[in-house]
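Asker: Can you keep this structure in mind? I'll have questions shortly.
The values are calculated or read from the model by the stated rules, or taken from the named source; none is laboratory data. Every value quoted in this text rests on a predicted model; they were computed, and no experiment measured them. Positions of Cβ are generated from backbone atoms using ideal geometry, with glycine treated the same way; all protein chains shown enter the neighbour counts. Note: areas computed on protein heavy atoms with side chains; ligands, DNA, RNA excluded. Shrake-Rupley method; radii C 1.70, N 1.55, O 1.52, S 1.80 Å.
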Amino acid sequence: MSSPLIVGSAIGKRGERVSGFIDILRGFDPETRIPVTIITGADSGPVLALVAGIHGSEPSPIIALQRVRTEIDPARLRGSVILVHIANLPSFTLRTIYRGPWDQKNLNRVFPGRSEGTASDRIAHAITVQVIEQCDYLVDMHSGDGNESLRPYSYWNKLGVDDAVDERAKQMALAFGLDHIVVDRGRPRDRNASIFCSNTAHLRGKPAVTTEAGGVGVPTETAIALNVQGAMGVLQHLEMLPGRRELVEHPFWIEPSEVLTSPETGTWHPEVKADELVTKGALFGRITNYFGETIAEVHAPIDGLVLYVVVSPAMGKGEPLGMIGQTTHAD
Ligand SMILES: [Zn+2]
């Protein structure tokens, strides 16, 4: 019998569900921990990691994994599942958007992390060593952040380093079930500066996707269900659970896409909604000063679909305002 999977204090046990914590020791800033579950199937097989809460104010995937934890029957499972319930507990507990509360770093920009760095670096390092290096496949489950209204979509990391890994990742995105898929060719190829959680796995030969379902800091039943169905669909696709997940038959591939950023600091007044089609040059929104006088207008740089838009007024220069992507149906 192979040795058990160990993640933090959780020690996998054949046919069982075990939860525990990865302890992140105190460093420059306070200690924290990461709640995890290992579900070990009756039969051996691949290891799938499902990660939620890299951004703490994205609760739909977090609540979804609480359900996935009990929905997966270890007796019917082949292989093992690592659930990272809330990767960024400081951000979740202190309700921050984009960045960790202590170091003001975006956890999904510091991978593979450092054991000696600030909290975000240390969390990323622990996830890289304990989760990514021990898994065969990974899904990094996001939603619109606490300030973002979002229509569901996935990112397919078409990295171009290993075509087989890219192809498996594409199939995983289709199995997750969101029918809008951003084709992302711009991720870094340096293993030591992989930046993003899923890219860190992908660069290590483990097919990975990033998903987006939910938004504005509120878990909705619809978004939770998309995340649960997505996770279960990937498990079926990888033949870790019985049943067959139909792959999305007619996906909308999104390319190119652009993240719009704010030219000014002030208050943001969006003029578009998530899932709205806009034409190049259309007014995307306005930035006013704190007195309500317009200081900048932002126009759509391309024709496309609004994938997400910031819907709360606080705005800093250089921060994201939203994302537009061009959809094509051809595959
Ligand atoms: Zn996120």
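Asker: Report, by residue number, each residue of region 131-144 that is away from the ligand (no atom under 13 Å from the Cβ) and assigned to a loop (DSSP other than H, G, I, E, B).
Answerer: The answer is C135, D136.
Asker: Could you please tell me which pairs satisfy a Cβ distance under 7 Å, a separation of 6+ or placement on different chains, a first residue in region 47-72 that is under 17 Å from N147 (Cβ atoms) and away from the ligand (no atom under 14 Å from the Cβ), and a second residue that is small (G, A, S) and at pLDDT below 95?
Answerer: Between residues of region 47-72 that are under 17 Å from N147 (Cβ atoms) and away from the ligand (no atom under 14 Å from the Cβ) and residues that are small (G, A, S) and at pLDDT below 95, there is no close pair.
Asker: From the list L178, L159, L174, which one is touching a residue at least 60 places away in the same chain (Cβ under 8 Å), assigned to a loop (DSSP other than H, G, I, E, B) and farther than 22 Å from R99 by Cα?
Answerer: Details: L159 fails: touching a residue at least 60 places away in the same chain (Cβ under 8 Å); L174 fails: assigned to a loop (DSSP other than H, G, I, E, B).
Testing whether each residue is touching a residue at least 60 places away in the same chain (Cβ under 8 Å), assigned to a loop (DSSP other than H, G, I, E, B) and farther than 22 Å from R99 by Cα leaves just L178.
Asker: How many residues does region 154-176 hold that are open to solvent by 30 Å² or more (accessible area, probe 1.4 Å) and either under 18 Å from N106 (Cβ atoms) or not acidic (D, E) (or both)?
Answerer: Number satisfying all stated conditions: 8.
Asker: Go through the residues of region 116-130 one by one and say whether even a single one is within 16 Å of the ligand (Cβ to nearest atom), part of a strand (DSSP E or B) and at pLDDT 95 or above.
Answerer: No.
Asker: While we're looking at this one, here's another question. Based on this model, can you work out whether A126 counts as surrounded by 19 or more Cβ atoms within 10 Å (Cβ to Cβ), hydrophobic (A, V, I, L, M, F, W, C), within 17 Å of S19 (Cα to Cα) and touching a Leu at 6+ places or on another chain (Cβ under 8 Å)?
Answerer: no
Asker: Out of Q171, Q236, Q229, I need the residue that is away from the ligand (no atom under 16 Å from the Cβ) and closer than 30 Å to H125 by Cβ. Which one?
Answerer: Criteria check complete, one pass: Q171.
Asker: Can I ask one more? Assess whether R244 counts as being basic (K, R) and part of a strand (DSSP E or B).
Answerer: no
Asker: Of all residues in region 73-107 being over 17 Å from T32 (Cα atoms) and within 14 Å of the ligand (Cβ to nearest atom), which is least open to solvent (accessible area, probe 1.4 Å)?
Answerer: Looking at the filtered set, the residue picked out is Y98.
Asker: Give me the strands (runs of 3 or more DSSP E) completely within region 252-331, filtered to those with at least 3 residues that are surrounded by 17 or more Cβ atoms within 10 Å (Cβ to Cβ), ordered by residue number. Lay out the reasoning, then the answer.
Answerer: Numbers: elements: 252-261, 266-270, 283-288, 294-299, 304-310, 320-328.
Qualifying strands (runs of 3 or more DSSP E): 252-261, 266-270, 283-288, 304-310, 320-328.
Asker: Is it fair to say E221 is surrounded by fewer than 20 Cβ atoms within 10 Å (Cβ to Cβ), of a type in the set (D, E) and closer than 19 Å to R67 by Cα?
Answerer: Working: surrounded by fewer than 20 Cβ atoms within 10 Å (Cβ to Cβ): yes; of a type in the set (D, E): yes; closer than 19 Å to R67 by Cα: yes.
Criteria met by E221.
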